[in-house]
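Single-structure report; data block below.
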Amino acid sequence: MRILVLTRNAWDDTNSIGNTVSNFFRDIPDAEFANLYFRASMPNNRLCRRYYRVTEKDVLRNWFSPDRIGRAFLWEPDAEVEAPEQSSAAREKKLISLIHKYDLRAVGKVSDFLWDSRRWINPKLDAFIEDFKPDVVFSFVKALSQYYQTIRYLRERFDLPLLTWIADDEYTGYLERGQKKQIARLQMELVSSSAVKGCSQEICDYYNSVFHCSATPLYKGCDLSAPVQKRRGDQISIVYAGNLLFGRLDVLRAFSDAVENCAAAGTALSFEIYSGTPLTASEIEANFGNNRCTAFRGREDYDVIKERLRKADIVLLAESFEPEEILKTRYSFSTKIIDYLQCGSVILAVGPECLASIRYLRNIPGTFVIDSAEAIGTQLPRLLEDAENFDRRAAETRAFARQHHDEKVLAAQLDQLLRAIASGGTGS
């Protein structure tokens with residue numbers, strides 16, 4: 001079975017989207033993959049060799065020679081990224097960070113214009129699709145022009161069956177801003193899908209009520225081969241791994257301050273933050289510079305983070321308490337929940353109860369939840385004082401993971417669905 005995966009960035013296991021895609025597909029037997037993506041980054045995964053890349057810069061530079069737009073290439077795991085590719089990806093990542101930081105909407109409008117021009121849809125792209133001959137297309141449900149125009153073209157030109165996954169609630173924001181075009185694009189993608197999956201039961205219920213799309217949850221599976229973590233030593237280690245977007249940085253700063261207070265009161269602690277979200281040296285200093293127990297480790301390969309989570313006493317999941325950020329993440333299911341479930345450590349969740357991720361964690365035995373920003377300073381010491389029960393908590397959480405998130409069971413279900421879609425059927 002040949003699966004074409006659409007992503008905005010290259011398929012990269014060091015970010016949450018990339019390792020989620022790998023988690024979905026790594027146990028699908030006899031599967032081949034190709035990745036069509038839209039940024040300057042280079043891939044980093046062990047499943048896919050075939051790629052087609054097209055970027056805004058590529059479209060703009062070759063506006064009057066559209067047949068030159070796009071690049072098909074093969075990529076082997078562990079291949080070295082050449083210096084020009086590294087520089088291009090780094091510049092693009094810095095620009096994207098500035099756009100998010102300063103809300104540069106004009107840049108987004110230029111980007112939409114370039115993608116909506118469809119000048120990048122050319123014989124090179126057709127040749128890539130025709131050479132790979134995909135049985136199924138997998139895509140996220142996104143109103144971004146890249147996704148919309150690609151899905152529209154693949155359906156019109158090649159009539160390829162489509163499996164879509166709702167990763168985030170984009171609809172609510174578009175509805176509040178009256179962006180009817182974006183809502184219509186979401187509608188088109190969902191209507192075009194042979195099957196629709198979602199990151200949480202809540203987001204499936206919500207989108208089903210709006211779009212009548214019969215979405216059902218598709219969760220990441222847990223690799224449960226590692227033993228449950230046993231408490232070691234006198235020092236309690238806490239690890240956060242994830243992005244710093246949607247207000248999470250503010251929560252981590254408050255949590256770091258609480259860690260420092262507990263350490264000052266006599267508890268031996270370490271708090272490490274792993275994140276691919278770029279921070280400048282001055283930003284790191286402003287947020288964590290005065291805290292002795294906190295270390296910002298930056299970006300690391302997924303395998304490194306996975307191992308670090310397995311060795312932690314406590315793994316931290318953080319969500320923002322700011323109303324505007326709650327709106328963006330209300331129905332989302334953090335993929336970090338699965339990474340944390342499989343590591344065998346105690347899970348500590350900090351975030352408002354109205355979020356789907358926090359409600360889900362609240363129902364997992366052994367998990368400790370702090371559901372208000374004001375309570376971080378008083379609730380963290382309660383968990384730390386209960387250290388003798390860390391092993392029991394971790395064992396209870398592992399039992400839940402085995403029952404609900406075993407990757408072999410979930411992979412078999414996804415494999416069955418993909419084969420049904422590829423043969424012309426639909427699934428749920």
Which of the residues that make up region 252-271 are over 30 Å from LEU327 (Cβ atoms) and open to solvent by less than 20 Å² (accessible area, probe 1.4 Å)? CYS262, LEU269
Among the numbered criteria (1) out of contact with any Ser or Thr (no Cβ under 9 Å at 6 or more places or on another chain); (2) over 20 Å from ALA318 (Cβ atoms), which single criterion is violated by ARG382? (2)
Please enumerate the residues belonging to region 1-22 that are out of contact with any strand residue (DSSP E or B) (no Cβ under 9 Å at 6 or more places or on another chain) and within 14 Å of PHE138 (Cα to Cα). SER22
Sole residue being open to solvent by less than 40 Å² (accessible area, probe 1.4 Å) and in contact with a Cys (Cβ under 6 Å, 6 or more places away or on another chain), chosen from LEU309, LEU249: LEU309
Which ones in region 361-409 are among the β-branched types (Val, Ile, Thr), part of a helix (DSSP H, G or I) and within 25 Å of GLN201 (Cα to Cα)? THR397, VAL409
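Residue-wise test of (1) among the charged types (D, E, K, R); (2) outside any helix (DSSP H, G or I); (3) modelled with pLDDT under 95.
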{"position": "VAL196", "(1), (2), (3)": "no, yes, no"}
{"position": "TYR207", "(1), (2), (3)": "no, no, no"}
{"position": "VAL210", "(1), (2), (3)": "no, no, no"}
{"position": "TYR219", "(1), (2), (3)": "no, yes, yes"}
In region 376-411, the residues that are β-branched (Val, Ile, Thr), out of contact with any helix residue (DSSP H, G or I) (no Cβ under 6 Å at 6 or more places or on another chain) and surrounded by 16 or more Cβ atoms within 10 Å (Cβ to Cβ): THR397
Going through region 280-312 one residue at a time, which ones are more than 19 Å from the chain's Cα centre (by Cα) and in a loop (DSSP other than H, G, I, E, B)? THR280, GLY289, ASN290, ASN291, ARG292, CYS293, ALA312
Given the options GLY344, GLY276, GLY298, name the one that is farther than 18 Å from SER372 by Cβ and buried (at least 21 other Cβ atoms within 10 Å of the Cβ). GLY344
Touching a Lys or Arg at 6+ places or on another chain (Cβ under 7 Å), farther than 23 Å from THR20 by Cβ and either open to solvent by 50 Å² or more (accessible area, probe 1.4 Å) or without any contact (Cβ under 8 Å) to a residue 40 or more places away in the chain (or both): is that true of LYS181 in this structure? no
Which pairs have Cβ atoms under 6 Å, sit 6 or more apart or on different chains, and link a residue in region 11-32 that is open to solvent by less than 50 Å² (accessible area, probe 1.4 Å) to one that is among the hydroxyl-bearing types (Ser, Thr, Tyr) and part of a strand (DSSP E or B)? none
Between a residue in region 321-332 that is surrounded by 19 or more Cβ atoms within 10 Å (Cβ to Cβ) and any residue that is in a helix (DSSP H, G or I) and of a type in the set (Asp, Glu), which pairs come within a Cβ distance under 7 Å, given they are 6 or more apart or on different chains? TYR331/GLU202
Working only within region 207-217, note down all residues that are of a type outside the set (S, T, N, Q) and touching a helix residue (DSSP H, G or I) at 6+ places or on another chain (Cβ under 8 Å). TYR207, VAL210, PHE211, CYS213, ALA215, PRO217
When ALA40 is run through (1) farther than 27 Å from ASP406 by Cβ; (2) at pLDDT 95 or above, the failure sits at (2)
Of the candidates GLY424, GLY366, the one satisfying the condition of being on the phi > 0 side of the Ramachandran plot and in contact with a Phe, Trp or Tyr (Cβ under 9 Å, 6 or more places away or on another chain) is GLY366
Of all residues in region 279-290 being surrounded by fewer than 17 Cβ atoms within 10 Å (Cβ to Cβ) and not aliphatic (A, V, I, L, M), which is nearest to PHE246 (Cα to Cα)? GLU283
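The values are calculated or read from the model by the stated rules, or taken from the named source; none is laboratory data. Given the structure is predicted, the values throughout are model-derived calculations rather than measurements. Counting neighbours? That spans all protein chains shown, and the Cβs are built from the backbone with ideal geometry, glycine included. Protein only, heavy atoms only, side chains kept; ligands, DNA and RNA dropped before computing areas. Shrake-Rupley method; radii C 1.70, N 1.55, O 1.52, S 1.80 Å.
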